[in-house]
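Enquirer: The structure that follows is given in the form of structure tokens.
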Amino acid sequence: MEANHSLTPAPRIRLSPRTRLLVMLKLAWRFKAFYVMLLPGIIYFVIFRYFPMYGVIIAFKDFAILDGITGSSWIDPWYKHFQSFYESPYFSQLLTNTLLISLYKLLWGTLPPIMLAVLLNECRVRWLKSIVQTLTYMPHFLSWVIIFGILLTLFSQNGGLINRWIVEAGGSSIPFLTSTEYFRSILVGSEVWQNLGWGAIIYLAAMAGIDPTLYEAAKVDGASRMRMIWHITLPGIRSIIVLLFVLKLGHLLDAGFDQIYILYNIQVYPVADIIDTWVYRTGLQQLNFSLASAVGLFKSVIGLILVLGANRVAKKWGEGIW
């Protein structure tokens, strides 16, 4: 038998900077069509995401509209607006409400789209699958103003459909939309209902990429449909589940300003007033743009830390984003 010899690695070719540039330009020209399709997205992010970052510096200034960003004076100490937000008597309440509402939406909004996607993937009746998909996707395209009208029709204390049934059954009407006991449930439930079908699209697309031979082999081995879902379908979309979960953690301090601003009222401030709604009232309506920018920067830093931390934990299971 021939003796095994270790293979020596091929020497790395060192290219000059000019040669590297020429190679990159040739590759770019070769795939120019892809770069052209990518260009609108790049322009969008540069204009609406990166360029506005320049305005973050007003968090460290006493911004005046007439003086502009560069003409406004720097504050002393530099953390004045952050301290003003922290020392606000509403800080603990705002942070608690924001975190609780976001966590409720994150926990209750993760499992239902996965379950719906699995059910649609297993459905073999095409017309039924199409009807269910259409009915579950439609709420995503409704604005929160329209959804508020639907909720008002259903849960209004005076004349709401649900309260009519309760009164006709011998009970007393319940103030669902103005009660601190029920308002968070209304928020989370309406959020889950609106995004249920839309969230299932991503999981259905991931399921379509699973190798069908895995199901055939499992069927030959006598596996039931539940076994195939548990051992093939769910592991096949595990990376997508982790990816979406990590991305959602970055928005943990958002809690959905549009939805809450339209649905809430002064009676439910103790459980519904979040950081964004407070910033809108205190920072924007009172033209305190520096305070609004400071709170926005605070949220962005916390979101970045959460995404980096979640991705680090996900890497231990081999499912990190990068």
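The values are calculated or read from the model by the stated rules, or taken from the named source; none is laboratory data. This one's a predicted model, so the numbers in the text were calculated from it and none came from an experiment. Positions of Cβ are backbone-derived with ideal geometry, glycine not excepted, and every protein chain shown enters the neighbour counts. The area values use the complete protein model at the heavy-atom level, side chains included, leaving out ligands, DNA and RNA. Shrake-Rupley method; radii C 1.70, N 1.55, O 1.52, S 1.80 Å.
Enquirer: Given the protein chains as shown and a 1.4 Å probe, how many square angstrom of TYR90 are accessible, to the nearest 10?
Expert: 120
Enquirer: While we're on this one: If you wrap a convex hull around the C-alpha atoms of the chain and split its volume per residue, what is the figure in Å³?
Expert: Hull volume over Cα atoms, normalised by residue count, gives 283 Å³.
Enquirer: Within the P(r) computed for segment 114-195, what percentage of the Cα pairs occupies the region above 18 Å?
Expert: Counting pairs separated by more than 18 Å, the tail of P(r) holds 55 percent.
Enquirer: Further, regarding this structure: Scan around LYS61 for amide H atoms under 5 Å from its own, H built in the peptide plane at 1.01 Å from N, and keep only partners 5 or more places away or cross-chain.
Expert: ILE75
Enquirer: Moving on to the next point. If you average 1/r over every pair of different alpha-carbon atoms in segment 260-309 and take one over that average, what Kirkwood value in Å do you get?
Expert: Hydrodynamic radius (Kirkwood, Cα only) of segment 260-309 equals 12.0 Å.
Enquirer: Relative to the compact globular guide of 2.2 N^0.38 Å, what is the alpha carbon radius of gyration of segment 74-222, as a ratio?
Expert: 1.51
Enquirer: Could you identify which residue out of LEU291, LEU120, LEU196 has the top mean-square fluctuation in a GNM of the chain using Cα springs shorter than 10 Å?
Expert: Highest fluctuation among the options: LEU120.
Enquirer: Could you tell me what percent of the accessible area of the chain is made up of carbon and sulfur, with a 1.4 Å probe and every protein chain present?
Expert: Carbon-and-sulfur percentage of accessible area, whole number: 67.
Enquirer: From zero up to wherever the largest Cα-Cα distance of segment 60-154 sits, split into 10 Å bins and tell me the percent of pairs in each.
Expert: 12, 19, 23, 18, 16, 10, 2
Enquirer: Same structure, new question: Find which of LEU95, LEU152, ALA205 sits farthest along the positive direction of the dipole of the chain, computed with +1 on the beta-carbon of Lys and Arg, -1 on that of Asp and Glu, about the Cα centre.
Expert: Looking along the dipole axis, the top candidate is ALA205.
Enquirer: Students often get this wrong, so check it: of LYS105/LYS219; LYS80/LYS299; LYS248/LYS316; LYS61/LYS299; LYS129/LYS219; LYS105/LYS299, which have C-alpha atoms separated by over 25 Å?
Expert: Violating the 25 Å Cα-Cα cut-off are LYS105/LYS219.
Enquirer: Keeping every protein chain present and rolling a 1.4 Å probe, give me the accessible area per residue for segment 130-249 in Å².
Expert: 59
Enquirer: Using alpha carbons only, how many angstrom separate the centre of segment 255-316 from the centre of segment 52-96?
Expert: Taking the Cα centre of segment 52-96 as reference, the centre of segment 255-316 is 15 Å away.
Enquirer: If you don't mind, there's one more thing I want to ask. Please identify the helices of the chain, taking whole runs of DSSP H, that span at least 27 Å along their own axis as judged from the Cα atoms and have a mean Kyte-Doolittle score of 0.5 or higher.
Expert: Membrane-span-like by this criterion, though nothing is claimed about a membrane: 183-208, 289-315.
Enquirer: Going from most exposed to least, what order do HIS81, HIS251 have by accessible area with a 1.4 Å probe?
Expert: HIS251, HIS81
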